[in-house]
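This report refers to the structure that appears directly beneath it.
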Amino acid sequence: MIRQFGVDEFIFILGSAKWTLVLTFIALALGSVFGFIIALARVSRFAPLRMLAGAWIGIVQGVPVLMLLFLSYFGLAIAGLDLPPMIAAGISLSLYAGGFLGEIWRGAIQSVPHPQWEASAALALTRTQQYRYVILPQAVRIAVPPTVGFVVQLVKNTAIVSIIGVVELARAGHLINNATFQPFKVFAVVALIYFCICWPISLLARRLERGVHAGRPG
Amino acid sequence: MPVVRVDDVHKRYGALEVLKGVSMAVERGEVVAIIGRSGSGKSTLLRCLNGLEPIQSGRIEVAGHVLDASGRGLRALRKDVGIVFQSYNLFPHLRVAENIMLAPRVALGLSKREARARAEATLAQVGLAEKIEAWPDNLSGGQQQRVAIARSLAMQPKVMLFDEVTSALDPELTGEVLAVLETLARDGMTMLLVTHEMAFARRVADRTIFMHQGLLHEEGPSEEVFGAPRTPELRQFLSGGLK
Ligand SMILES: Nc1ncnc2c1ncn2[C@@H]1O[C@H](COP(=O)(O)OP(=O)(O)OP(=O)(O)O)[C@@H](O)[C@H]1O
Ligand SMILES: [Mg+2]
């Protein structure tokens, strides 16, 4: 029996957007922690740490997110660790976000001019104090626009987890299409919802970018 | 007893030996100018004095802190030795007050009130009391450099190092910074200053050191060094082949 694409179907799709947002949020939260550690490791004075973090970033950026997803879902299952799809999805997206955020933030930390390190060292600050009071506050300003820009990529990339059966926005569209055979209507709605999530974030990113170049916000 | 004591210090960048066995001593309250050609090692010497550059051999003692090739005890030394650079290096994300208060608070552990009092006092000393709430970017180069001096003074250092602090400034702003240095000197601060301002060095410095190819080539009371240079290198340097 073929259903019509009506209000119920629309609400189902809209409701599933919640999971897209939840996944984005998880990936962003865990990925931030992870990315922060990676960024600090990348600028560490301890060479093995730098290399380890560098290797990790290389892997994450050189491998499709899909492979991270398959590894954490199918791969760990074979190793005896049977993760629910949602968890596997959260983990792989977090790893992906961590790798990219780590690289964005490393760049931000390194673009704080070297004399800022010298001036704060000459004032007898410890390395931790230098980071906390002098380097990171300046790095944050530099990092905010590209970070927000990355969030847009992240929202769109959550679609990939539909492949292991997590019913988020893309998967919901797929299911409804299978029932209604109205692909144009269905996926136009799905696309519109993605757009409504991403567009404001893109706008924000662009505004922040201008703000940074215009100089100091209060 | 000298406040600064440098014994046979050698400093290399890779294969390039920049300091080739420098020895000197500076007494409390003395003002010493360091002059010399570009590349002669003047900045390197100052940077070694507060441990911004490690040395390969020799011994440096500043305000009772000993620096050797191991690089231990750096922070204790830096609490007593201020340095001001050619490029002011203020912290752009902090207002003038916070620029000055940061190190006294986190490195010396002063309370906010004590640190604020120091900021007010040192800003008054450099003639910028009214700029305490300003952002560094909104100050002229001369004002930024004076804030940088105030920031160093707020640590109440025993020795101040100045590396060509007026070289980045327009001529009309140079005077206001030199005036601050001169007041400091008169108030008894122990100072080492690398400078290209020969007239200033001659008038204000008790002693002048001429560096040449990584060595102290000639030194003496400023009046003698400028008035009656003994070595041909110094004579040539003073007679205009500045760079
Ligand atoms: N970080 C560094 N790495 C390699 N070489 C350096 C470094 N810093 C300085 N040098 C070299 O050391 C030598 C001395 O430099 P230094 O900055 O001490 O000279 P200076 O007397 O201060 O000159 P100027 O009057 O131009 O400031 C120069 O040949 C310079 O190129
Ligand atoms: Mg120099």
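The values are calculated or read from the model by the stated rules, or taken from the named source; none is laboratory data. Keep in mind it's a predicted model, so treat the numbers as computed, not measured. Cβ placement follows ideal geometry from the backbone for every residue including glycine, while neighbour counts extend to all protein chains displayed. Surface accessibility is based on the protein's heavy atoms, side chains included, excluding ligands, DNA and RNA. Shrake-Rupley method; radii C 1.70, N 1.55, O 1.52, S 1.80 Å.
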Could you grab me the full set of residues in segment B:172-198 that are within 21 Å of residue B:26 (Cα to Cα), open to solvent by 40 Å² or more (accessible area, probe 1.4 Å) and without any contact (Cβ under 8 Å) to a residue 60 or more places away in the chain? B:182, B:183, B:186, B:187, B:197
Of the residues in segment B:180-206, how many are within 16 Å of ligand 1 (Cβ to nearest atom) and assigned to a helix (DSSP H, G or I)? 3
Go through segment B:16-46 and give me each residue that's over 26 Å from residue B:203 (Cβ atoms) and either more than 12 Å from ligand 1 (Cβ to nearest atom) or among the charged types (D, E, K, R) (or both). B:17, B:20, B:21, B:23
Quick one: count up the residues across segment A:194-210 that are open to solvent by 90 Å² or more (accessible area, probe 1.4 Å) and not charged (D, E, K, R). 2
Report every pair of residues separated by at least 6 positions or lying on different chains whose Cβ atoms are under 7 Å apart, first residue within segment B:156-171 and within 12 Å of chain A (Cβ to nearest Cβ), second part of a helix (DSSP H, G or I) and within 16 Å of ligand 2 (Cβ to nearest atom). B:161/B:46; B:161/B:49; B:163/B:43; B:163/B:46
Residues (at the interface with another protein chain (Cβ under 10 Å from one of its Cβ atoms) and open to solvent by 30 Å² or more (accessible area, probe 1.4 Å)) located in segment A:137-152: A:137, A:140, A:141
Report the residue count in segment A:168-218 for those that are modelled with pLDDT under 90 and among the β-branched types (Val, Ile, Thr). 1
Inside segment A:42-84, the number of residues satisfying the requirement of being open to solvent by less than 60 Å² (accessible area, probe 1.4 Å), over 26 Å from residue A:157 (Cα atoms) and assigned to a helix (DSSP H, G or I) is 1
All conditions in (1) within 16 Å of ligand 2 (Cβ to nearest atom); (2) open to solvent by 30 Å² or more (accessible area, probe 1.4 Å); (3) touching a residue at least 60 places away in the same chain (Cβ under 8 Å) are true of residue B:45 except (2)
Tell me, which residue of segment A:99-120 that is surrounded by 24 or more Cβ atoms within 10 Å (Cβ to Cβ) and more than 19 Å from the chain's Cα centre (by Cα) is farthest from the other protein chains (Cβ to nearest Cβ)? A:120
Select, from B:204, B:165, the only residue that is of a type in the set (A, V, I, L, M), away from ligand 2 (no atom under 16 Å from the Cβ) and under 16 Å from the mean Cα position of the chain (by Cα). B:204
Hey, residue A:85 hits all of (1) within 22 Å of residue A:57 (Cβ to Cβ); (2) away from chain B (no Cβ under 14 Å) but one; which does it fall short on? (1)
